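First the structure, in the form of structure tokens, and then the observations on it.
The values are calculated or read from the model by the stated rules, or taken from the named source; none is laboratory data. All values derive from a computational prediction rather than experimental measurement. Cβ coordinates were reconstructed from backbone atoms using ideal geometry, including for glycine residues, and neighbour counts include every protein chain displayed. Accessible surface is based on the protein model in full, side chains and every heavy atom, while ligands, DNA and RNA are left aside. Shrake-Rupley method; radii C 1.70, N 1.55, O 1.52, S 1.80 Å.
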Amino acid sequence: MNAPINAMTQSLLETEDEVMLRDAARGFLADAAPVSALRANRDAGRAHDPALWAEMAQMGWTGVLVPEDAGGADMGHRAAGILAEEMGRTLAASPFLSTAVIAASVLRQAGPRATGALQAIAAGDATYALALDEGPKFAPAATAMRAERQGNAFRLSGVKAFVADGSTAGRVLVLARTSGVAGDAKGLTLFEIDAARAGLDRHALSTIDSRDHARLVFDAVEATGDDIIGDLDNGLAALRPGLHAGQAALAAELTGLAGGAAAITLGYLKDRRQFDRTIGSFQALQHRAAHLWSEIEVTASAIANAGRVLNHTPADASLAVSLAKARAAQTAKLAVSEAVQMHGGIGMTDAHDIGFFMKRARVGAEWLGDYGHHAAIIASARGF
């Protein structure tokens with residue numbers, strides 16, 4: 001007899017609508033954005049395919065977290081996680097996380113004045129970048145970039161070191177210090193500005209995952225009170241919904257990446273022959289594959305839980321989100337390490353797609369907080 005499903009397990013099961021969304025997304029991305037498309041983008045010197053982004057907008061993905069009265073689908077964070085997970089399986093490159101997840105989550109807290117921006121996101125007409133990191137690690141409170149007041153305006157000066165989608169986005173969410181010193185959680189203000197504004201220079205970075213990342217240099221960039229999101233000197237509060245949403249969706253992408261890498265590896269184990277037998281028949285490799293499958297399943301449950309908590313009790317989401325991101329980073333690391341090792345020498349070559357999974361996993365593990373950052377949050381919440 002099967003054991004009864006408890007309340008927690010039931011909450012992690014996908015609804016019929018979520019299953020349909022996953023199936024539709026998987027089918028679309030397998031055709032429109034296979035791993036070979038990432039290779040083609042890289043070889044063409046292109047961060048992502050604008051035509052793919054336009055198709056995502058037509059399907060309503062860009063409005064997944066935009067309210068219906070602003071033209072969005074408002075499907076919620078669990079749906080955003082499902083889409084991100086399926087993108088991770090094929091390494092589909094797009095501004096989805098920066099724009100449809102992070103920016104949309106931040107702007108929907110800004111009230112009616114952000115309606116136009118949300119409409120542009122839902123329509124696929126606007127793309128955003130989050131200019132946050134200034135050092136080698138994720139540390140929002142360490143922001144030193146200044147926003148000096150001059151009359152009714154501000155002048156933003158400083159450098160943002162690692163900005164996802166930073167060289168192509170049309171608009172930028174930037175965190176700057178309006179009071180206090182680096183390290184203070186207070187005194188930070190979040191601005192939303194046009195990426196073409198005078199004094200803002202963008203320098204594309206060459207990163208191992210072949211995605212769009214840039215170094216942004218602000219030289220007395222003008223901003224006004226109308227550009228402020230949330231309250232003056234309380235930018236972290238305005239940013240928090242976007243960070244939690246982005247971290248959860250990024251964790252989902254990493255879990256999808258782990259699943260994609262595992263699927264390719266299992267296929268290889270079934271085909272590759274040594275000593276007159278497939279290498280998948282070797283018990284040692286079977287044990288490693290089974291362990292990886294188990295880790296992916298457990299992490300997928302943490303991802304689903306984070307999406308549910310963000311939908312229903314977002315104020316309590318910090319622990320669930322950090323657990324999801326920490327587990328996803330470790331699971332993706334395990335998946336790509338096992339994949340490369342089980343592929344043998346070919347796994348280390350650029351000719352085989354499996355290396356792309358390892359490269360994206362490495363960048364994704366660092367962005368929006370690495371394992372150590374989120375493990376510390378979990379430990380603090382548990383009283384350690």
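Compute the distance from the alpha-carbon center of the stretch 18-42 to that of the stretch 320-384, in whole Å.
Taking the Cα centre of the stretch 320-384 as reference, the centre of the stretch 18-42 is 21 Å away.
For residue 129, what residues show an amide H to amide H distance below 5 Å, using hydrogens built from the backbone and excluding near sequence neighbours?
171, 172, 173
Just the Kirkwood number for the stretch 1-156, please: inverse of mean 1/r across all distinct Cα pairs, in Å, one decimal.
Result for the stretch 1-156, one decimal place: 17.9 Å.
Just how large is the dipole of the chain about the Cα centre, in debye to the nearest 20, putting +1 at every Lys and Arg Cβ and -1 at every Asp and Glu Cβ?
Dipole size: approximately 1020 debye.
Per residue of the stretch 167-179, in order, report the coupling 6.51 cos²θ - 1.76 cosθ + 1.60 (Karplus, θ = phi - 60°) as ³J(HN,Hα) in whole Hz, putting x for Gly and Pro.
8, 10, 5, x, 9, 10, 9, 10, 9, 9, 8, 9, 6
Quick one: what are the phi-derived ³J(HN,Hα) couplings along the stretch 132-142, Karplus 6.51/-1.76/1.60 with θ = phi - 60°, whole Hz, x for glycine and proline?
10, 5, 10, x, x, 10, 5, 7, x, 5, 7
Once the Cα atoms of helix 318-343 and of the chain are each reduced to a long axis, what angle between those two axes, in degrees from 0 to 90 to the nearest 10, is obtained?
Helix 318-343 sits roughly 40 degrees off the main axis of the chain.
Using a Cα distance threshold of under 30 Å, what count of lysine pairs results for the chain when pairs must be 8 or more residues apart or interchain?
15
Where does the chain land on Rg/Rh, using Cα atoms and the Kirkwood Rh?
Rg/Rh for the chain comes to 0.98.
Give me a comma-separated list of calculated 3J(HN,Hα) values for the stretch 225-230, in order, Karplus coefficients 6.51, -1.76, 1.60 applied at θ = phi - 60°, integers in Hz, x for any Gly or Pro.
So the J values, rounded to whole Hz, are x, 5, 8, 7, 9, x.
Please state, to two decimals, what the Cα-based radius of gyration of the stretch 137-294 comes to when divided by 2.2 N^0.38 Å (N = residues).
In units of the globular-protein estimate, the stretch 137-294 measures up at 1.51.
Probe of 1.4 angstrom, ligands and nucleic acids ignored: what's the accessible area per residue over the stretch 337-384, in square angstrom?
That works out to 49 Å² per residue.
Angle between the Cα long axis of helix 354-366 and the longest principal axis of the chain, 0 to 90 degrees, nearest 10?
Tilt relative to the chain: about 40 degrees.
For the stretch 229-384, restrict the atom set to alpha-carbon positions and state the Rg and Dmax in Å.
18.3, 70
To the nearest 10 degrees, how steeply does helix 77-90 sit against the main Cα axis of the chain, on a 0 to 90 scale?
Computed tilt is about 60 degrees.
Solvent-accessible area per residue for the stretch 110-244 at a 1.4 Å probe radius, Å²?
On a per-residue basis, 41 Å².
Using only protein heavy atoms and a 1.4 Å probe, report how much of residue 134 is accessible, in Å² to the nearest 10.
60
Mind checking which of 37, 336, 285 is farthest towards the positive end of the chain's charge dipole, using Cβ charges of +1 (Lys, Arg) and -1 (Asp, Glu) about the Cα centre?
With unit charges placed on the Cβ atoms, the residue in question is 285.
Return the distance in nm (one decimal) between the two label points of a simple spin-label model at residue 284 and residue 311, each offset 7 Å from Cα along Cα→Cβ.
4.4
Accessible area of the chain with a 1.4 Å probe: how many percent of it is carbon plus sulfur?
Values: 9050 of 16810 Å².
With neighbouring chains kept in place, the figure for the chain is 54 percent.
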